[in-house]
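Beneath this line is the structure, given in structure tokens, with notes to follow.
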Amino acid sequence: MSKLVLKLAQAIGIVVLTVLVVGTVIGVLQWVVVAAGLVALPVAGIWLYSRLSGRSTASPARRSAPRPTRADRAVTARRAELEGRAVYDAVGRCGWCGSGTRHQDRYGFPATPLAFHRGEIDAML
């Protein structure tokens, strides 16, 4: 008789454990769905309002930015060319001045070649 009671207790325990696990999983899924709904509804409302009202959310300064002129593009290209030289090469030398030692700022901390030669680059522009 005791084997029968033991088997019955095991079966009941398995059923109870299964119900607890399934209930927990369903509860977590319900919580995730409700949280997603609470976040998605206001965002969808704002998006729908902006689409239906025809108003753009972009700032006016962004829409009316002037196109760069040819001179501006030339200066930008020249700056990119000069700044491209102020890097360390594969052997660790400065591409701007050829120095093999690391550059330091006025406080003695290591500086990049671009930061160290900034004044010279701006003078050449």
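The values are calculated or read from the model by the stated rules, or taken from the named source; none is laboratory data. The shown structure was predicted, so the numbers you read here are calculated from the model rather than taken from an experiment. Cβ: placed from backbone, ideal geometry, glycine included. Neighbour counts: every protein chain shown. With ligands, DNA and RNA removed, areas are computed over all heavy atoms of the protein, side chains included. Shrake-Rupley method; radii C 1.70, N 1.55, O 1.52, S 1.80 Å.
The set of residues from the stretch 112-125 being touching a Cys at 6+ places or on another chain (Cβ under 9 Å) and open to solvent by less than 80 Å² (accessible area, probe 1.4 Å) comprises Pro113, His117. Evaluating Ala71 against the criteria (1) within 23 Å of Ala123 (Cβ to Cβ); (2) in a loop (DSSP other than H, G, I, E, B) leaves one unmet condition, (2).
Go through the residues of the stretch 88-111 one by one and say whether even a single one is assigned to a helix (DSSP H, G or I), at negative phi and surrounded by 13 or more Cβ atoms within 10 Å (Cβ to Cβ). Checked against the condition, which is being assigned to a helix (DSSP H, G or I), at negative phi and surrounded by 13 or more Cβ atoms within 10 Å (Cβ to Cβ), the stretch 88-111 yields no hits at all. Within the stretch 46-62, one or more residues are surrounded by 10 or more Cβ atoms within 10 Å (Cβ to Cβ), outside any loop (DSSP other than H, G, I, E, B), aliphatic (A, V, I, L, M) and free of Cβ contacts under 8 Å to residues at least 40 places away in the same chain.
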